[in-house]
Every structure is written in structure tokens, then in C-alpha cells.
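S.K.: There's a structure below that I have some questions on.
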Amino acid sequence: MAKSSAFKIEDFIGDDLFKELEKDFFSEEFTLKDLGVSARVLQNWSEKGLLPDKKRKEDENHKFNFIDLIWLKLVSELRSLGLSLEKIKKIKTALYEKRPLMELLGKREDETIPDRMYRMYSSQVKDKAAFYKAFSSSTVIQAIDKMKNSQLHYLITMFIENRYNIKVLVFNEGESMGYISEIHSGNLQLLELLEKETFISVPLFKLIYNFMGDEKNYSFLSRGSILNTNEFRIFCLIKEGKYETITIHFKNKKPEIVEAKERKKINLEARLSELLLGRGYETLEIKTQDGKIAYSPITTKIIL
């Protein structure tokens with residue numbers, strides 16, 4: 001999903017803040033082979049209540065949507081850290097429980113809904129007065145008050161929309177919470193708690209990045225809302241499979257230019273002339289071997 005350049009109030013009015021992503025999030029197209037675990041392990045997880053709560057016929061194969069797939073990859077990660085199945089089940093309950101949106105957003109007791117939303121979207125707001133007027137509407141406030149979602153769904157949505165560093169914090173007894181540094185870093189009460197408690201921090205965003213980097217998921221990514229516009233352009237370059245290196249240059253922590261380098265073999269000078277005249281490359285080098293033209297490393301620059 002390409003992120004809009006400016007805040008739009010219509011994005012937040014309705015029964016479900018996450019409606020735009022539902023088609024991709026809830027399409028059940030992943031199976032056992034996508035999980036990286038054996039059928040025996042999956043059966044054990046099922047018996048222990050770790051799988052998403054869904055009705056399934058006895059002879060029907062397990063199918064998962066994107067949210068559930070990330071959860072089960074998180075289960076694998078938690079098991080590798082030595083957590084018991086009992087504790088992981090407790091984490092599942094916490095992450096799948098439906099909660100009010102304002103609770104998920106970490107609204108402080110002394111904040112109004114417009115205050116909390118502005119704190120979250122201030123970088124996109126050009127007219128603060130208009131923003132507050134829109135969010136002070138009783139219709140909008142009532143709509144937001146009704147919004148509920150699971151913590152896991154919320155965390156993944158915040159990653160997809162903003163590329164936040166989403167994490168799951170797991171405490172000694174199996175209590176857990178989703179943590180987004182960009183949102184929760186200003187919550188002094190929470191920070192004081194984290195200073196006192198011992199916990200495991202599992203980077204959920206890395207599990208999603210690993211999914212995005214897996215070639216077998218290209219079909220899902222190419223038609224879904226998971227990649228933004230620039231990521232999709234880079235994804236297409238990788239998919240072409242002809243580039244030796246793809247270098248991304250950043251400015252102000254945002255990708256600005258992509259350099260894609262390919263190696264083209266050249267056997268005859270006539271072919272070199274054709275190459276020179278055929279395309280307007282930004283950079284064209286000629287490599288020789290034993291005094292003869294061997295190949296040309298071609299770099300194409302793309303402005304994002």
C-alpha cells in the first residue's frame with residue numbers, strides 16, 4: 001500500500017480503520033509448506049491451542065491468512081528462545097484479543113482523541129486547526145470509540161502503513177505486549193515499567209521482512225498492499241533477475257535513488273555500437289580481457 005503524502009480524514013471515518021488491508025490480510029492462501037515446520041510440529045501446536053481459532057473439518061488441510069502466518073512464525077521464534085507452549089498460548093490470547101483502538105494506540109489518561117491522533121499523524125498534517133476540527137466531530141469520535149482490533153493485527157498494520165519497528169515484549173510469566181518505539185517511546189509510565197522488568201524482545205518486523213524477501217512469496221507481494229510504491233519498484237528490479245547489484249541511496253532516511261548494475265557480454269565491436277546507441281544509460285563501462293572487449297557493466301539509475 002503506497003502511503004499517502006498528506007493526512008486524509010476520510011481514511012479514519014467508518015467502522016474499520018483497517019478495511020483497506022483486509023483483503024490481503026485475511027485471504028487464506030498459506031499452508032504448512034509456508035511455515036517451515038513439520039506436520040508433526042504443527043499438529044502438536046494445534047493440540048496445545050496455539051493455532052488460530054478456526055473451524056476446520058478433520059480431513060481438511062490447514063490454511064492460514066497473512067496475520068496467522070506471521071503469528072506462527074512468531075511461535076517458531078519463541079520456541080527457539082526456549083519459551084514453553086503454555087507461555088506461548090498465553091501470548092496468543094493477548095495478541096489475538098480484540099481491544100479498543102485508543103488502547104492499542106497508547107492513549108494517555110489526560111489526552112483527548114484529537115490529541116492522540118495528532119500526536120500520531122502530526123508529520124502528515126498541514127492544517128492543525130482543520131485536523132482538530134475534524135477529529136472533534138462527535139461522528140468521528142464515536143466511530144473511533146467503536147473501533148476494535150486484535151493487537152497482532154494492529155501491530156502488523158502499523159508496520160505495513162509506516163514501517164514502524166514493531167516488537168513483541170514477553171515477560172517472565174508469559175505476559176506480553178506489542179511495542180512500537182515510534183508510538184510508545186513517549187509513555188513514561190511504560191518506560192519506567194520496562195526499566196524494572198525483565199523481558200524478551202522479539203522483533204516482529206524482522207519476521208515480516210524475511211517474508212517479504214522470500215522469493216516464493218512474490219506472487220502475494222506483487223498484488224497485495226504489503227509493499228509501498230518504491231518498494232514495489234525495487235521488488236520488480238529484483239524479480240527481473242538480471243542485475244548483479246542493486247544499490248539504494250538514502251536521503252533524510254528515505255530512499256531517493258536506486259542504482260541497478262547488470263553485466264552484458266560483448267563479442268563484436270558492432271554489438272558494442274548497438275549497445276551504445278540502443279539505450280541512454282547513466283553509466284556505461286567497457287571491460288577488456290587479453291586486449292579484447294569482454295563485457296560491459298551497465299548501471300541504470302532510477303529516481304524514486
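S.K.: Could you give the size of the charge dipole of the range 32-112 about its Cα centre, using +1 on the Cβ of each K and R and -1 on the Cβ of each D and E, expressed in debye and rounded to the nearest 20?
M.R.: Numbers: 18 positive and 14 negative charges, 53 e Å.
The dipole of the range 32-112 has a size of about 260 debye.
S.K.: If r is the Cβ-Cβ distance from Asn187 to Gln142 and R0 is 22 Å, what FRET efficiency results, to the nearest 0.05?
M.R.: 0.30
S.K.: Rank Leu95, Phe135, Phe159 by how far each Cα sits towards the positive end of the charge dipole of the range 83-179 (+1 on Lys, Arg Cβ; -1 on Asp, Glu Cβ) and give me just the farthest.
M.R.: After comparing all options, I get Phe159.
S.K.: Give me, ordered by chain and number, the residues 5 or more places off Ile257 or on other chains with an amide H under 5 Å from its own placed amide H.
M.R.: Amide H neighbours of Ile257, under 5 Å, 5+ apart: His249, Leu304.
S.K.: With a 10 Å Cβ neighbour count serving as the proxy for reagent exposure, in which order, fewest first, do Glu161, Glu173 appear?
M.R.: Glu173, Glu161
S.K.: Going by how many other beta carbons lie within 10 Å of each one, how would you line up His184, His62, fewest first?
M.R.: Fewest-to-most ranking of His184, His62: His184, His62.
S.K.: Going down the table (Lys48/Lys90; Lys89/Lys146; Lys107/Lys148; Lys48/Lys216), which pairs top 18 Å between alpha carbons?
M.R.: The answer is Lys89/Lys146; Lys48/Lys216.
S.K.: Using modelled backbone amide H atoms (1.01 Å from N, in-plane), which distant-in-sequence or interchain residues come within less than 5 Å of Ser27's amide H?
M.R.: Correct list: Phe66.
Every number here is computed from the coordinates shown, using simple stated rules; none is lab data. What you see is a predicted model; the values in this text were computed from it and never measured. We place every Cβ from the backbone using ideal geometry, glycine too, and count neighbours over all the protein chains shown.
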